[in-house]
Amino acid sequence: MADGQAAGALLPLPPHEVRDLPPLTLPFWKLTGPGAVLVGLSIGAGEIVVWPNHVAKYGCGIVWAAVLGVFLQLWINYEVGRWTIATGETVFTGFARLWRGFVPVFVLLTVAGWLAPGWARVSGTALKALLVGPQGFGSDSFWTGVTFALVALVLFGPKSVYNSVEKTISALVVLIVVGLLVVAFRIGTASDWGELARGMVNFGYKPEAMSIKDLFSAIVFAGAGGTANLFYTFYLRDKQIGMGGHVPKLLNPLRGRQETMPTTGYTFADTADNRRHFGQWFRYVVLDQSLYFWLLNTFTILLFIFGAQAALHRQGIVPKSGQLIYDQAAILGQMWGTFGTKLFLLVGVATLFSTQLALVDGVSRSLSDMIYTNLRAAQRHSLGWWYGIIACAWMVIGFWITVIMERRQVTDLGFLFNAGYMGGFAMAVYVPLQLYLNLRHLPAAARPKPLNIAMMAICVVVYCGFALFCVLTELGVIAG
C-alpha cells in the first residue's frame, strides 16, 4: 500500500481486522434488493433517452452495442460485489488502499460525472408533461424542483435510507416493465422484431454519421455506467450481505442517531467454514446480478429500443433535442388515444425518477464515504450527517444548474451525452483497479477465478481502448 503526496491530509488506513464470514442463512428471495436498486439506476436516461435517440437516427443496426454494454458491466459488478462481501468495505476504501491519491481522484470523477443534472431535468419535464402537458403550468426548472422534493421525501422520510430507496425503486421497476410490455405489444410489428433481432447480432456495425464519442457514450449508458456501478458496494453493505453483516446500516440523520460506523473492513482466515461461506455469498452476488442487472436490464433496454424503432425510426421521425419522450408519447396517442400518451409518459416518469433517486443516493453515499473514511476532521460528525448534508447540497445545486440550463436554452440531451462520455473515462480508471485490488488484496479463497479474470481483462481493453481512442480523437491525432 503506497502513500503518495496526496496522503498528507488523509488518515492512514489500518489493516483489515480478522473476522469470520457470517453464514448465509436466508433464501435468495428474502435477500433480494441490491440488484433491483442497481436496475432502477440503470433503467434511466440512457434507456429512455440516449439509446432511443440513436435508434431514431440510425435504426436497430447498433443494438449490439447496448447488449454488449450491459454484459460487460455484469462482470464489473461481480468484482465490486466480491470485494464488498469479502471485506465489508466499500470499493472506494479499497482503491484508497492501493494509493491514497485515489481519494481525490474518485471524488473528482464522481462530481464531474454526475453534477450536470440532465437526468433530473428530463425527469422534471416528463412529470410536467404527464400532469399538465408540455406547455402547461410551470417552467421545466419548477417541475425539476418538484422531483427533487420527492427524492428528499424518500431519502429523509423513513428511518432506514436503504429500505426506503429499495422499496420505492422496486415498485417503479415493476411499473416500468409492465408499461413497456403493454406498449411493445400494442405498437410493434413482426418487421420491427426482426430488425431488433438482427441488430443484436450485427456486432461491430457503426453508422458513418455516428462518432466514436457517441458510440462510447452509448455503450457506457447501456447499464449503470460511470461510477454508478460502484454504488452496488453500498447496497450490499446495507442489506447486510457477507461481511456487510458486521457493518451498521446507514440511518436517516433526521430520524435517529447513527451508530459509530467503522471506517475500514475485515478479512477472514483461510478455514473450511470461511471458504464455504464466501462461496455461498458470491453465488448470491452472481444470481442477484445475473437475474436483475443482466437479464432484466437487457430486457428493458431492448423494449425501449423496440419502441423507438416502431414509433420513430420506422416513420422517419428524428425528434428534436429534448423532445424524444414527448414525441414517442404523442405518436402512441395517435395510435392509441389519450391512454397511450399517458401510459408512455408514466413509464418515462417512473424510469427517470428511479434514476434521479438512485443517483442522488449513490453520489451522496460515495462522497460521504470518502470524506468520512479519510479525513480526521470529518469524523467529528456521523456518516449519516455527511450523507444528509451532501444529498441536500447536491439537490440544491442540481436545481440551480437546471435553472441556468433553461434560461440559456441548453438542452438536457447534450448534458446526458457528456455524462456518458465522462463516465466512460471513469470506467477506464476503475475497471483495471478493481481487478488488481481483488487479485492482490483479498484472501486466496476470495480471489477471481480464470473466467472472471479473462472477462475483466476484456472490459479493461474495451474501456481503456475507447478512452485512449477518444483522447487521440480530441487531440486531432486520429479521425473520429
Revision key, fill the gap. Selection from segment 119-153 of residues more than 16 Å from Met405 (Cα to Cα), touching a residue at least 24 places away in the same chain (Cβ under 8 Å) and among the aliphatic types (A, V, I, L, M) yields Ala126, Leu127, Ala129, Leu130, Leu150, Val151, Ala152
Revision key, fill the gap. Residues of segment 361-397 being more than 25 Å from Trp99 (Cα to Cα), aromatic (Phe, Trp, Tyr) and buried (at least 18 other Cβ atoms within 10 Å of the Cβ), in sequence order, are Trp394
Review point. Any chance segment 217-239 includes a residue that's under 23 Å from the mean Cα position of the chain (by Cα), basic (Lys, Arg) and not in a helix (DSSP H, G or I)?
Key: yes
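Of the residues Val80, Val18, Val49, which single one is over 27 Å from Ala272 (Cα atoms), touching a residue at least 24 places away in the same chain (Cβ under 8 Å) and either under 20 Å from the mean Cα position of the chain (by Cα) or surrounded by fewer than 17 Cβ atoms within 10 Å (Cβ to Cβ) (or both)? Steps first, answer last, please.
Values: Val80 fails: over 27 Å from Ala272 (Cα atoms); Val18 fails: over 27 Å from Ala272 (Cα atoms).
After applying the criteria, what remains is Val49.
In segment 457-473, what count of residues is obtained for those that are polar (S, T, N, Q) and touching a Phe, Trp or Tyr at 6+ places or on another chain (Cβ under 6 Å)? Lay out the reasoning, then the answer.
So in segment 457-473, the residues polar (S, T, N, Q) come out as 473.
Okay, now just the ones that are also touching a Phe, Trp or Tyr at 6+ places or on another chain (Cβ under 6 Å), so none.
Looking only at that region, the number is 0.
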Study note, to complete from the structure: In segment 429-467, anything over 24 Å from Pro15 (Cα atoms), without any contact (Cβ under 8 Å) to a residue 40 or more places away in the chain and of a type in the set (A, V, I, L, M) is listed as Leu451, Ile453, Ala454, Ala457, Val460, Val461
Review point. So Gly333 clears everything in (1) out of contact with any Leu (no Cβ under 9 Å at 6 or more places or on another chain); (2) buried (at least 21 other Cβ atoms within 10 Å of the Cβ) except one condition, right? Which one?
Key: (2)
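Only one residue in Leu254, Leu287 is assigned to a loop (DSSP other than H, G, I, E, B) and surrounded by fewer than 23 Cβ atoms within 10 Å (Cβ to Cβ), so which one is that?
Working: Leu287 fails: assigned to a loop (DSSP other than H, G, I, E, B).
Matching residue, one of Leu254, Leu287: Leu254.
Among Thr32, Thr25, which is the only one that is of a type in the set (Ser, Thr, Tyr) and either closer than 30 Å to Leu175 by Cα or at pLDDT 95 or above (or both)? Steps first, please.
Values: Thr25 fails: either closer than 30 Å to Leu175 by Cα or at pLDDT 95 or above (or both).
Thr32 is the lone residue from the list that is of a type in the set (Ser, Thr, Tyr) and either closer than 30 Å to Leu175 by Cα or at pLDDT 95 or above (or both).
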Check your understanding: Of these, Asp238, Asp288, Asp273, which one is among the acidic types (Asp, Glu) and under 28 Å from Val462 (Cβ atoms)?
Key -> Asp288
Exercise for review: Specify the residue that is nearest to the chain's Cα centre (by Cα); the eligible residues are those in segment 362-383 that are in a loop (DSSP other than H, G, I, E, B) and closer than 17 Å to Pro14 by Cβ.
Suggested key: Leu375
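The values are calculated or read from the model by the stated rules, or taken from the named source; none is laboratory data. The structure displayed is predicted, hence computed values, not measured ones. FYI the Cβ positions are ideal-geometry reconstructions off the backbone, even for glycines, and counts take in every protein chain you see.
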